[in-house]
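This report concerns only the one structure given below.
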Amino acid sequence: LAGVVRSVKETLSSQFVENCKGVVQRLTLQEHKMVWNRTTHLWNDYEKIIHQRTNTTPFDLVPQEAGAGMAVRVMKPLEAAELSLETVYEKFHPSVQSFTDVIGHYISGERPKGIQETEQMLKVGTALTGGGELVLDNATIDEFRQAQERLLHETSAEGSETLKNACVVCLSAPKSCVFLECGHVCSCSECYQALPEPKKCPMCRQSISRVVPLYNS
């Protein structure tokens, strides 16, 4: 699924960059130091995250084309295998050391270099591609049913009869299946074949034990 990031309500503002808005914000403090290796007798670079905080706000993925009218809510973005955040601020704070500190570092085998401060964000308007489970919530299903009802009411008297006999899934092919045991006639054969297993009636969600073809005279 591909789209651009759009905030649902409020956005997160960068702590360091003016007019930088996003939906995910990660602040990191990383320690940099040199550690003496007693085996190789060399100073090695060592990095350690000493503090990290991530803030999120609800957001949608929407088509890049304006007015498309579709949106997919992204749930639990921090659980993504790869979440690409843009580094919007980065600053290194070097350690201030006295002569006594330097002597102590050689004795302890650790020489602090400084602290790296970083801010990363997923900014509003960023193009994003994601993969995962797509779910229709109850509100979306209600909107879909309301749209179907509006479509039926807005059609002319001549075309309304055709729509009444149309498959409730694709709204184009005629109904051609009787679902048992519920008895509903609501789907064409192609849409029935496309129903996920175990197959359930789109109208009442009752399990379908068998299907009887419907022949219109």
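All of the numbers you see were taken from the coordinates with simple rules; none came from a lab. All figures in this text were calculated on a predicted structure; none of them were measured in a lab. Don't worry about glycine lacking a Cβ; one is built from the backbone with ideal geometry, like all the others, and counts go over all protein chains shown.
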Point to revise | Derived scalar couplings ³J(HN,Hα) [the stretch 92-104; Karplus, 6.51 cos²θ - 1.76 cosθ + 1.60; whole Hz; x for Gly, Pro] | key: 9, 9, x, 6, 9, 10, 8, 4, 5, 4, 4, 4, x
Review point. So, counting K/R as plus one and D/E as minus one, what does the shell of residues with Cβ under 15 Å around E82 add up to?
Key: 0
Check your understanding: By count of other Cβ within 10 Å, fewest leading, how are Y192, Y89, Y106 ordered?
Key -> Y106, Y89, Y192
Check your understanding: Name the trypsin sites (Lys or Arg not before Pro) in the stretch 32-136 that are in a loop by DSSP and that have at most 16 other C-beta atoms within 10 Å, would you?
Key -> R38
Revision key, fill the gap. Neighbour-count ranking for I115, I49 (other C-beta within 10 angstrom, fewest to most) reads I49, I115
Check your understanding: Does the stretch 166-217 come out rounded, prolate or oblate, given a ≥ b ≥ c as the square roots of the eigenvalues of its C-alpha gyration tensor, rounded meaning a/c under 1.5 and, failing that, prolate meaning a/b above b/c?
Key -> oblate
Check your understanding: What's the local net charge at R53, with K and R +1, D and E -1, over the other residues with C-beta under 15 Å away?
Key -> -1
Practice item. Note down the net charge around M34, summing +1 for each Lys or Arg and -1 for each Asp or Glu among other residues with Cβ under 15 Å from its Cβ. Key: 0
Review point. For the stretch 1-88, rounded, prolate or oblate, judged on the Cα gyration tensor with a ≥ b ≥ c (square roots of eigenvalues), a/c < 1.5 rounded, else prolate if a/b > b/c?
Key: prolate
Review point. Among the GluC sites (Glu not before Pro) within the stretch 48-119, which fall in a DSSP loop and have no more than 12 other Cβ atoms within 10 Å of their own Cβ?
Key: E65, E82
